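Down below is the structure, laid out as structure tokens.
The values are calculated or read from the model by the stated rules, or taken from the named source; none is laboratory data. Being a predicted model, the structure only gives us computed values, none of them experimental. Positions of Cβ are backbone-derived with ideal geometry, glycine not excepted, and every protein chain shown enters the neighbour counts.
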Amino acid sequence: MTADVEDPNRRDILVVAASAFSAVGAASLIWPFVHQMNPDAGAQALASAEFDLAPVQEGQAITVMWRGKPVFIRHRTAEEIETAKKVALDELPDPVSRNENQPGTPATDENRTIAGHEKWLVMVGICTHLGCIPKGQTLADAKGDYGGWFCPCHGSHYDTSGRIRKGPAPRNLDVPPYTFLSDTKIRIG
Amino acid sequence: MSNHASTYEPKSATAKWWDERLPVPRMMHDQFVDFPTPRNLNYLWTFGGILTFCLVAQLVTGIVLAMHYQPSDAEAFNSLDRIRRDVNYGWLIQAMHATGSSMFFLAVYIHIFRGLYYGSYRAPREILWILGVFILLAMMATAFLGYSLPWGQMSFWAVTVITNLFSSLDAVIPGLGTAIVQWLWGGYAVSGTTLNRFFSLHYLLPFVIFGLVILHIWALHVAGQNNPTGLNIKSKSDSVPMYPYAVAKDAFALFAFVILFAWFVLFLPDYLGHADNFIEANPLVTPPHIVPEWYFLPFYAILRAIPDKLGGVIAMFASIAILAFIPWLDRSPVRSAKYRPVYKWFFWLFVIACLALGYLGSKPAEGIYVFWARIFTAYYFAHFLIVMPIVGAMETPSRMPGSITEAVLGKSSKKSTSADAH
Ligand code: HEM
Ligand code: FES
């Protein structure tokens, strides 16, 4: 067979097409192997839970579990709310409310709670630095320089609205999505 | 070196049969019996063999532990207790594995500082060195994953804090860090799901290390071993066959190392651990003072020295990655610090900086500790980025012996050396 009988380009296209096809096929298999590690539907289904707040007295706090994370619910005293309200926005390292119920709003105390239920502060109890659980839920705990919570791991101080005031944590404690079903019943998620 | 002529002679018909089909005995003979090793190697060159021993010891004890361990959040903590109390000799094998990781890191740090002092990372050993850096990274990942398995308080919170390092990427692309962290966890928090996958990876990575070590030794046998003078082997009298000379020295050092190892295993099995890890993991309570294992302390100090979350994470990873570049950062005309009167001082300053960072990493990140951590972190990087290129280019090396033989036998040997070379 002489060279001019063959069409070399026809061979090229076959090689290119076959390689491209296998490459795309192999690449599309990567996703199942990556995605298997993501939270599955079962983990996502745990996403909402209801809690009764009637036994929680003023000045007390409880910790509940939601999506495998601790959630702090604090029944704040009038004084704690007052101090939180007085803070000017420009004193805050993180000026965003971090409230999933009203994303992107400024970090005023009003925006960190739900209107009509301001005495309840509900937040994911995980330090936004590297994920430790801040102290401050029990009366004996150190509450930090701002009377809210103190993370012992690397020294982050949160105020009575759960906003970062001092230390390495970059953000205010996250407020999860929640609604009040009645005055003392809450649904998180 | 690898192309020194083969001296293997199959001694039996079977050996000859094999030699014509799969010449493994020939390779072993040429690479580990008759391989030319510099005649002046000191005991610091025995740590490669010691490391090989450590790797095999971790594999054997680890495979045994996996026969009794249960990787679930409900059972992990208890199954470890059963290994230590009920399984026949479980107390011994568990202690060997737990202590073994500390011994492994002790040996690898000595091995690395040896390379740094004698310039073993310089041409033609760049690939050998970089493979070492990859081995170090894989060792760190393995140790971190393994530390999660006992599912005690330190395990749980170490996993939480270290995986959360990736959340700092939220500062680059919002949401990216969180997505990566949840992908690592398989949920919205560290859980039994996380433990299960960490167990799988902890079993996998040592075999990856094993593969890397084979490449590491292959590269070593192509370039040949460096030695305290940093000179190349130039004549026959500069080297001795690996067996019996290097092997005997390696064996002696290994026994000494095993005595230290055994002393920890038998008398202080939990000394290098942390008391909080005897409390079962509790996602609701963080221990008041979280510290990593001793071998991570310098890096932990660097992480905390930088006041910015993302910056700290970058500095910590950079402190290891930078090692891969030093073959090109060092501009000195000679390899060994033995003949570098100025650099020698900086080398010991670097050793002090690493030890100091280790100490500071164990202290709370506040006040004066943070100040010193910043100073030593600055020196850690300056050593590679400023001292290595500048001192290397400016300093005049001290007078060097003409050859390895001359370094050992003195000037008188000069004649025989040059005679050999011709
Ligand atoms: C599992 C861990 C490791 C094992 C089993 C291992 C094994 C060895 C062995 C058997 C040798 C030859 C004997 C000796 O010179 O001591 C060697 C040499 C060497 N290793 Fe490693 N190694 C490990 C990790 C590392 C690491 C982390 C580095 C550096 C980052 C490194 C850098 C070197 C260099 C530069 C040499 C050549 C030294 C010379 O000839 O002067 N190794 N290694
Ligand atoms: S995790 Fe809270 S300060 Fe670091």
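Structural remarks
- Pairing residues of the range A:52-67 that are of a type in the set (Asp, Glu) with residues that are assigned to a loop (DSSP other than H, G, I, E, B), at Cβ distances under 6 Å and at least 6 apart in sequence or on separate chains, gives A:GLU58/A:THR77.
- The set of residues from the range A:149-162 being within 14 Å of ligand 2 (Cβ to nearest atom) and touching a residue at least 40 places away in the same chain (Cβ under 8 Å) comprises A:TRP149, A:GLY162.
- In this structure, A:HIS154 qualifies as more than 16 Å from the chain's Cα centre (by Cα), more than 16 Å from ligand 1 (Cβ to nearest atom) and surrounded by 20 or more Cβ atoms within 10 Å (Cβ to Cβ).
- Residue within the range B:205-217 that is under 24 Å from B:TYR300 (Cβ atoms), within 14 Å of chain A (Cβ to nearest Cβ) and either part of a helix (DSSP H, G or I) or of a type outside the set (Ser, Thr, Tyr) (or both) present: no
- Among the residues of the range A:12-64, those identified as farther than 19 Å from A:LYS119 by Cβ and of a type in the set (S, T, N, Q) are A:SER19, A:SER22, A:SER28, A:GLN36, A:ASN38, A:GLN44, A:SER48.
- Residue count for the range B:180-195 satisfying the condition of being in a helix (DSSP H, G or I) and at the interface with chain A (Cβ under 7 Å from one of its Cβ atoms): 2.
- Taken over the range A:35-53, residues that are part of a helix (DSSP H, G or I) and within 15 Å of B:THR193 (Cα to Cα) amount to 5.
- Single match in B:TRP151, B:TRP157 (criterion: within 26 Å of B:THR178 (Cβ to Cβ), in contact with a strand residue (DSSP E or B) (Cβ under 7 Å, 6 or more places away or on another chain), among the hydrophobic types (A, V, I, L, M, F, W, C) and surrounded by 22 or more Cβ atoms within 10 Å (Cβ to Cβ)): B:TRP151
- As a summary of the residue check, B:THR286 satisfies the conditions (1) within 16 Å of ligand 2 (Cβ to nearest atom); (2) polar (S, T, N, Q); (3) under 26 Å from B:HIS111 (Cα atoms) except for the one numbered (3).
- Qualifying residue in the range A:28-39 (condition: aromatic (Phe, Trp, Tyr) and in contact with a strand residue (DSSP E or B) (Cβ under 6 Å, 6 or more places away or on another chain)): no
- Filter result for B:THR377 (at pLDDT 95 or above, among the hydroxyl-bearing types (Ser, Thr, Tyr) and either surrounded by 19 or more Cβ atoms within 10 Å (Cβ to Cβ) or within 21 Å of the chain's Cα centre (by Cα) (or both)): yes
- Residue check for A:ILE13: of a type in the set (A, V, I, L, M) and in a strand (DSSP E or B): no
- Of the residues screened, B:ARG340 is one that is surrounded by 17 or more Cβ atoms within 10 Å (Cβ to Cβ), farther than 30 Å from B:THR163 by Cα and not aliphatic (A, V, I, L, M).
- Filter result for B:SER79 (among the hydroxyl-bearing types (Ser, Thr, Tyr), out of contact with any Pro (no Cβ under 8 Å at 6 or more places or on another chain) and free of Cβ contacts under 8 Å to residues at least 60 places away in the same chain): yes
- Of the helices (runs of 4 or more DSSP H) that lie entirely inside the range B:12-116, those containing 3 or more residues that are farther than 18 Å from B:LEU149 by Cβ span B:13-19, B:24-32, B:47-68.
- Residues located in the range A:174-185, provided they are under 18 Å from the mean Cα position of the chain (by Cα) and more than 14 Å from chain B (Cβ to nearest Cβ): A:VAL175, A:TYR178, A:THR179
- If only residues of the range A:107-146 that are more than 27 Å from B:PHE166 (Cα to Cα) and aliphatic (A, V, I, L, M) are counted, the one that is surrounded by the most Cβ atoms within 10 Å (Cβ to Cβ) is A:LEU121.
- Residue within the range A:148-156 that is hydroxyl-bearing (Ser, Thr, Tyr) and either modelled with pLDDT of 95 or more or closer than 20 Å to A:LYS119 by Cα (or both) present: no
- Selection status of A:LYS119, in contact with an Asp or Glu (Cβ under 8 Å, 6 or more places away or on another chain) and either facing chain B (nearest Cβ under 9 Å) or within 16 Å of ligand 1 (Cβ to nearest atom) (or both): no
- B:VAL133, sole failed condition from (1) closer than 29 Å to B:MET96 by Cα; (2) touching a helix residue (DSSP H, G or I) at 6+ places or on another chain (Cβ under 9 Å); (3) within 14 Å of chain A (Cβ to nearest Cβ): (3)
- When B:LEU128, B:LEU145, B:LEU136 are checked against the criterion of being within 9 Å of ligand 1 (Cβ to nearest atom), of a type in the set (A, V, I, L, M) and more than 11 Å from the chain's Cα centre (by Cα), a single residue qualifies: B:LEU128.
For (1) of a type in the set (Asp, Glu); (2) more than 14 Å from every other protein chain (Cβ to nearest Cβ), each residue gets a yes or a no:
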| residue | (1), (2) |
| --- | --- |
| A:ALA115 | no, yes |
| A:GLY125 | no, no |
| A:LYS135 | no, no |
| A:THR138 | no, no |
| A:PHE150 | no, no |
| A:GLY155 | no, no |
| A:ASP159 | yes, yes |
| A:ARG163 | no, yes |
| A:GLY167 | no, no |
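- Screening B:ILE63, B:ILE173 for residues that are away from every other protein chain (no Cβ under 14 Å), modelled with pLDDT under 95, more than 16 Å from ligand 2 (Cβ to nearest atom) and surrounded by fewer than 21 Cβ atoms within 10 Å (Cβ to Cβ) leaves exactly one candidate, B:ILE173.
- Within the range A:54-76, the only residue that satisfies the criterion of being in a strand (DSSP E or B), basic (Lys, Arg) and within 14 Å of another protein chain (Cβ to nearest Cβ) is A:LYS69.
- Applying a threshold of 6 Å to beta carbon distances and a minimum spacing of six or more residues, or different chains, the list of pairs starting in the range B:323-341 at a residue that is within 14 Å of chain A (Cβ to nearest Cβ) and under 17 Å from B:ALA382 (Cβ atoms) and ending at one that is away from ligand 1 (no atom under 14 Å from the Cβ) and modelled with pLDDT under 95 is empty.
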